[in-house]
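Engineer: Before we start, here is the structure in question, set down as structure tokens.
The values are calculated or read from the model by the stated rules, or taken from the named source; none is laboratory data. Remember, predicted model here, so these are calculated numbers, not experimental data. Note that we place each Cβ from the backbone using ideal geometry, even for glycine, and neighbour counts take in every protein chain shown.
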């Protein structure tokens, strides 16, 4: 997976806009960040999951996912190691992050 792949997946979700926060590209749905690229370094991205979702993805794919440092990580902020990630897996995990951030009416099927 490349940074371009991560960006393409993030931008594939409805009403997603790319902006910048703290010198990193981020991806938002109606103003709420659900993913960031280049954090904590250029080899990674980040998705905002619930703590339960984070636990599950780290348990199933520890070589791909890790908690972000500190309170953000305890709250569900999850680092994605781009090189180790596969597109279908990241798409599914990022969909969960997008649904977490999207308004209820938009995120419902």
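Engineer: Please tell me if residue 40 is surrounded by fewer than 16 Cβ atoms within 10 Å (Cβ to Cβ) and in contact with a strand residue (DSSP E or B) (Cβ under 7 Å, 6 or more places away or on another chain).
Structural biologist: yes
Engineer: A further question follows. From 34, 65, 13, grab the single residue that is crowded, with 17+ Cβ neighbours inside 10 Å, touching a residue at least 40 places away in the same chain (Cβ under 8 Å) and touching a strand residue (DSSP E or B) at 6+ places or on another chain (Cβ under 6 Å).
Structural biologist: 34
Engineer: So, one more: Of the residues in the stretch 20-30, how many are in contact with a helix residue (DSSP H, G or I) (Cβ under 9 Å, 6 or more places away or on another chain) and over 17 Å from residue 4 (Cβ atoms)?
Structural biologist: Looking only at that region, the number is 3.
Table: residues versus (1) over 20 Å from residue 4 (Cβ atoms); (2) modelled with pLDDT of 95 or more.
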site	(1), (2)
37	no, yes
54	yes, yes
72	yes, no
75	yes, yes
80	no, yes
85	no, yes
94	no, yes
105	yes, no
109	yes, no
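Engineer: Being touching a helix residue (DSSP H, G or I) at 6+ places or on another chain (Cβ under 9 Å) and either over 21 Å from residue 9 (Cα atoms) or in contact (Cβ under 8 Å) with a residue 40 or more places away in the chain (or both) is the filter here, so list the residues in the stretch 45-59 that pass it.
Structural biologist: Of everything in the stretch 45-59, those that are touching a helix residue (DSSP H, G or I) at 6+ places or on another chain (Cβ under 9 Å) and either over 21 Å from residue 9 (Cα atoms) or in contact (Cβ under 8 Å) with a residue 40 or more places away in the chain (or both) turn out to be 45, 47, 48, 49, 50, 51, 53.
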